[in-house]
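Undergrad: This structure is in structure tokens; I'll ask about it shortly.
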Amino acid sequence: MKEDLPALITQLHSYSGLAHKKDIQTVARQLREAWPAPCANGDDSALIPDGDSFKLLAMEGFINHFVAEDPWFAGWCGVMVNLSDIAAMGGRPLAIVNALWDDDLPHAEQILQGMAAASRAWQVPIVGGHTNLRSEQPQLAVAVLGETTHPLSSFAVRSGQTLMVAINLHGRWHPPGLNWDAATDAAPAALRRTLALLPELAASGQVHAAKDISQAGLAGTLVMMLESAGLGVEIDLAQIPRPDEVGLEQWLCAFPSFGFLLAVDAEHCEAVQQCFEDCDVACAAVGKFTINQQLMMKLQQQRACYWDLTQQPLTGMTNH
């Protein structure tokens, strides 16, 4: 059955993950008078110069009802998503801290057990945090410190480079929401190996920039990447790695436990694809970055604009 691309785009625009990203514009305006950061905001992790290398700092807060309804998975995700953000910057994680508020000790213990399981799986220590067990409701935020000598940054994407997508398809939906879980049942050694690919490819110069696919989904995350780069892209939706049983609309809105957008020079695409496939992660070239600040989508014989950054910002995070 032929997909209707304009109808698909209309559905993608209604996805709630995009609304959360638009809120960043308001926050950013209020912080303009803060002390200047050494590197631009807008990447998955803060990039902090540290001699000849860089420290990386990532943080994630979680929607309260998610923490309340799925405490173990919330704890696990608190670690997992931050580790992905560090990897997207070409970094390796050093340590985890958290802020946990709860109104019930058994519930808080489930959150902590999820965090501890993820800490063991990826072998990254939890070194401290803040706890309040007399709160009115459960709340969770987690931060991870990392380091890199070869940072990857969305601001570094160049026109003409190839957009590649790498996603672990060996998972299942974790309801509610479009959470594609390819991590909780995976072998810990495999989790560590796949995450280590990003800093290795950064150090080798084979990947130029990267971004972790977030709750905005693949389409929304790609808009954020383009916004930072001041570029556009034309993407062939049929080339995106996708499980056979999952529809295209669902997949473009999904939050995969391991999913990255990559900017790669043409001569490195084959080697990058092979590196991921050697770790049983699907990877494919899906488009080319362009100077036009538009996300153009192709599907079968159809072509349409999903987002025009010259007319509508998303997060407002750009140096251009």
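The values are calculated or read from the model by the stated rules, or taken from the named source; none is laboratory data. All of these numbers come straight from a predicted model, not from anything done at the bench. Methodologically, a virtual Cβ is constructed for each residue, glycine included, from the backbone with ideal geometry; neighbour enumeration extends over all protein chains shown. Quick note on the areas: whole protein, heavy atoms, side chains included, nothing else; ligands and nucleic acids left out. Shrake-Rupley method; radii C 1.70, N 1.55, O 1.52, S 1.80 Å.
Undergrad: When only Cα pairs under 8 Å and 6 or more residues apart are kept, what is the percent relative contact order across segment 166-320?
TA: Once normalised by length, the contact order is 35 percent.
Undergrad: Can you send over the carbon and sulfur percentage of the accessible area for the chain, probe radius 1.4 Å, protein chains only?
TA: That share works out to 51 percent.
Undergrad: Hey, can you find the accessible area per residue of the chain for me, probe 1.4 Å, expressed in square angstrom?
TA: Roughly 46 Å² per residue, with all protein chains present.
Undergrad: Let me ask something else about it. Return the aspartates and glutamates within reach of LYS288: Cα separation strictly under 17 angstrom, same-chain partners fewer than 8 residues apart disregarded; answer none if there are no such residues.
TA: GLU227, GLU234, ASP236, ASP265, GLU267, GLU270, ASP308
Undergrad: Let me ask you something else. Ranking request for peptides 80-91, 173-184, 35-46: highest mean number of other beta-carbon atoms within 10 Å first, then the rest in descending order. Intermediate results must be reported in sequence, preceding the final value.
TA: Details: 80-91: 27.2, 173-184: 18.2, 35-46: 16.3.
The densest-packed peptide leads the list: 80-91, 173-184, 35-46.
Undergrad: Just from its helices, what would the mean residue ellipticity at 222 nm be for the chain, if runs of 4 or more DSSP H residues each count -39500 (n - 2.57) and the sum is divided by every residue, rounded to the nearest 500 deg cm²/dmol?
TA: Helix contribution divided over all residues of the chain: -11000 deg cm²/dmol.
Undergrad: Run the numbers on the chain and let me know its relative contact order in percent, using alpha-carbon pairs under 8 Å that are six or more apart.
TA: Contact order relative to length: 23 percent.
Undergrad: Which residue fluctuates the most in the chain, going by a Gaussian network model with Cα springs under 10 Å, if the choices are LEU299, LEU163, LEU252?
TA: Fluctuation is largest for LEU299.
Undergrad: Still on this structure: If one takes the longest principal axis of the Cα atoms in the chain, at what angle in degrees, from 0 to 90 and to the nearest 10, does the Cα axis of helix 105-122 lie?
TA: In the chain, helix 105-122 runs at an angle near 50 degrees to the longest axis.
Undergrad: While we're looking at this one, here's another question. Could you give the longest part of the chain that holds none of the GluC sites (Glu not before Pro) found in DSSP loops with at most 13 neighbouring Cβ atoms within 10 Å?
TA: Excluding the exposed sites themselves, the longest stretch runs over 137-244.
Undergrad: So for segment 40-148, averaging the separation of alpha carbon pairs under 8 Å that are six or more residues apart and normalising by length, what relative contact order in percent results?
TA: 40
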